Amino acid sequence: MFKPLNEKLSKLLHGADYNPEQWLDYPEIFEEDLRLMKLANVNVMSIGMFSWAKLEPEEGVFDFSWLDRVMDGLHEKGVSVFLSTPSGARPTWMSEKYPEVLRVSENRVRHLHGARHNHCYTSPVYREKIAIINRKLAERYSNHPAIAGWHISNEYGGECHCHYCQEAFRDWVKAKYKTLAALNHAWWTTFWSHTYTSWSQVESPAPHGETMVHGQNLDWKRFVTDQTIDFYRHELKPLREKNPNIPATTNFMVLFEGLNYDKFASDVDFISWDSYPTWHDSDDERDIAAFTAMNHDWFRSLKGGQPFYLMESTPSSTNWQNMSKLKKPGMHFLSSLQAIAHGSDSVQYFQWRKSRGSSEKLHGAVVDHVGHEHTRVFQEVAEVGEALAKLEDLTGASVKPEVAIIFDTENRWAVKDSQGPRNMGVHYERTVQEHYQAFWEQGIPVDVISMDRDLSQYKLVVAPMLYMVREGVGERVEAFVAAGGTFVTTYWSGIVNETDLTYLNGFPGPLRKTLGIWSEEIDGLYDDESNAIKLNQNNPLGLTGEYGVHDLCDLIHLEGAEALANYQSDFYQGRPALTVNRLGKGAAYYMAARQKLDFNRDFYRALARDIGLKRVIDQDLPEGVTAQLRSNETTDYVFVMNFSNEERKVWLDQVEYQDALTEQKLSDHLLLKPYGIKVLCRPKVKR
Ligand code: GLA
Ligand code: ZN
């Protein structure tokens, strides 16, 4: 159970991005919006993210009159505000007068004015300009009764290669390595005579320059994260000076790779993210549902389980994905409550009202161009608002998984850049999902964490393709297993350290002892190639039969581990393909080859039984159905969700549940409509 960050955040929020600055020439629209907001059961709006040109129409000339009206009007109607700082897009006059605010691309060409999310985060002028406007916003609104939190910028991302950024990168590198000798060793620059003899020679990667020094690529990405966080801190400073009590966030993006969110997380007071799943992109909705669930779990885990905020989602379709598919009846309610199930304390949309022109005029919104409330989308939005009000006791409730999957951003950068056994795709993200999904289908909650997080609270830790093992991680995994934990990892783990220098003396490096194996070689398989593994008789998990494997096959030697399965073909036929090593009170499993979902399902089901992992509902769930659990001090909320377009019957595991929305008692079983969801309550079970 988590305490609310302030009184405004002590309920589940429902709202949208709202851009009233686009409608200042249509004064009747604001009044109409206030009327519609009441009908849509919303209680929060995120405003101001793209309004710099309306707030500062000329350099040093400010106009807050329209924003005053908006803030006051929303407050009168009981709608609170996430107030944005406007750095996500700048006024044209600024780009014209100070070209240095414009980003320089990897190829060293400076952008022209246009689009958004493309400022230089180092430019002294940009930093000065954003500090001025942020200070003014804070002076005017940080004690306004409507404000619930700061929404800093919008979807930070991307990199700048201008001379200011190069200078800052050199300073960063110098601070990290202290000496050129240390830098040259960490980056292994003797290779191809890339040795640096002066700090001034260090540059960011460029398509027509350096791209091959993997340690350097990694450090550049780390610098981009640090410099973006530094810009965030710079934005926050004047806000904090005026009122230190307003919590702040910046909206993160789905599986975003450009920033290490695990590092960013400690700077924000709460995590928020923007979710746009491609619902209905195939007949089997499990894939996109599990992918979305994994993202929610990742964002929740970034701050140790603290509730996150779903800052944006579409009430119908986007207009930037390949297909602008509408959400089928039920899906909007289901996907909104899915976020709540995984730990969100809000459901918010992009956007409240469709723009009249420009690139997002056809993006889904609560209020369509027709302008009234009599639309399917509006009604479904209103229903979500009604349900969230009924579920208010869930605010701050926690999700406490027994399982963690390691999904690590630096590992992701490194394994994809490494030029290794499979340059046609090592499929890191996909692989992580295929492990995750095996738990999701059983209704077993999961945390998604970086390798630096504390492992001791989990029964099972799964680390697919842990190619990079940073300092201390091998020891922590070993201690976790010795103390009784179960660890599962795969081929292509324990290969490099934090600057992409390989481990000497045998893979999987610092995990070798824990796993009781030595990996001598790894074979890459073309897309149309496969091998198979056969389970040994009487293996301790009781698995039987053969499973196809693909992409990567690791050739290992047993060094204390027991083989549970062997390869079936090629020159490594008969060699171990799945192992377990007992260490202290725990066990460490090694999957030597890339399995498919069918194996992961069977393996993790057997393992869950073996180590006694609790399922949210202690029953097998039908295809497409999952269950998630959030608990406050007294009550377990069990979310049973049907991500299939057919009715499903779900067996219940205890005598009586109560439907949290209808208060109806339920026992024995329940029926879920296509894309149906039920939120059930039971007295809290001690877990
Ligand atoms: C992002 C942005 C929004 C909007 C939506 C459209 O999430 O933050 O401003 O462009 O995409 O889906
Ligand atoms: Zn720059």
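The values are calculated or read from the model by the stated rules, or taken from the named source; none is laboratory data. Note that this is a predicted model, so its numbers are computed, not measured. Positions of Cβ are backbone-derived with ideal geometry, glycine not excepted, and every protein chain shown enters the neighbour counts. Keep in mind that these areas ignore ligands, DNA and RNA; they rest on the heavy atoms of the full protein, side chains included. Shrake-Rupley method; radii C 1.70, N 1.55, O 1.52, S 1.80 Å.
A few remarks follow.
- Karplus-derived 3J(HN,Hα) values for the stretch 395-410, using 6.51 cos²θ - 1.76 cosθ + 1.60 with θ = phi - 60°, are 3, x, 5, 10, 10, 10, x, 8, 10, 10, 10, 7, 10, 10, 5, 5 Hz; glycine and proline are entered as x.
- Compactness index (Cα Rg / 2.2 N^0.38 Å), the stretch 556-614: 1.22
- Dipole size of the stretch 33-186 about its Cα centre, with +1 on Lys/Arg Cβ and -1 on Asp/Glu Cβ: approximately 360 debye, rounded to the nearest 20.
- Annotation for the stretch 99-157: trypsin sites (Lys or Arg not before Pro) lying in DSSP loop with at most 16 further Cβ atoms inside 10 Å of their Cβ are Arg108, Arg116.
- Taking the Cα centre of the stretch 335-392 as reference, the dipole from Cβ charges on Lys and Arg (+1) and Asp and Glu (-1) amounts to some 320 debye.
- For the stretch 373-383, the Karplus equation 6.51 cos²θ - 1.76 cosθ + 1.60, evaluated at θ = phi - 60°, returns couplings of 8, 8, 10, 4, 4, 4, 5, 5, 4, 4, 5 Hz by residue, with Gly and Pro reported as x.
- Student exercise, the chain dipole from Lys, Arg, Asp, Glu Cβ charges, in Debye to nearest 20: 1100 debye
- Largest to smallest accessible area among Glu257, Glu559 [probe 1.4 Å]: Glu559, Glu257
- Mean-position separation - Cα centroids, the stretch 371-421 and the stretch 213-249, in angstrom: 23 Å
- Derived scalar couplings ³J(HN,Hα) [the stretch 506-516; Karplus, 6.51 cos²θ - 1.76 cosθ + 1.60; whole Hz; x for Gly, Pro]: x, 7, x, x, x, 9, 4, 5, 4, 8, x
- The stretch 275-310 and the stretch 1-40 have Cα centres separated by 24 Å.
- Here's the picture: charge each Lys and Arg Cβ at +1 and each Asp and Glu Cβ at -1 in the stretch 300-419, and of His363, Val403, Gly343 the one pushed furthest to the positive end of that dipole is His363.
- For the stretch 57-131, with +1 on Lys and Arg beta carbons and -1 on Asp and Glu, the positive-most of Ala89, Trp66, Ala115 along the dipole: Ala115
- For the stretch 513-588 versus the stretch 50-80, the gap between their alpha-carbon centres in whole angstrom: 62 Å
- Sequence-distant residues sharing a close amide H with Ile405 (under 5 Å, placed H): Asp447, Val448, Ile449, Val462
- Residue (of Phe643, Ile611, Gly624) at the positive-pole extreme of the stretch 608-664, dipole from beta-carbon charges: Ile611
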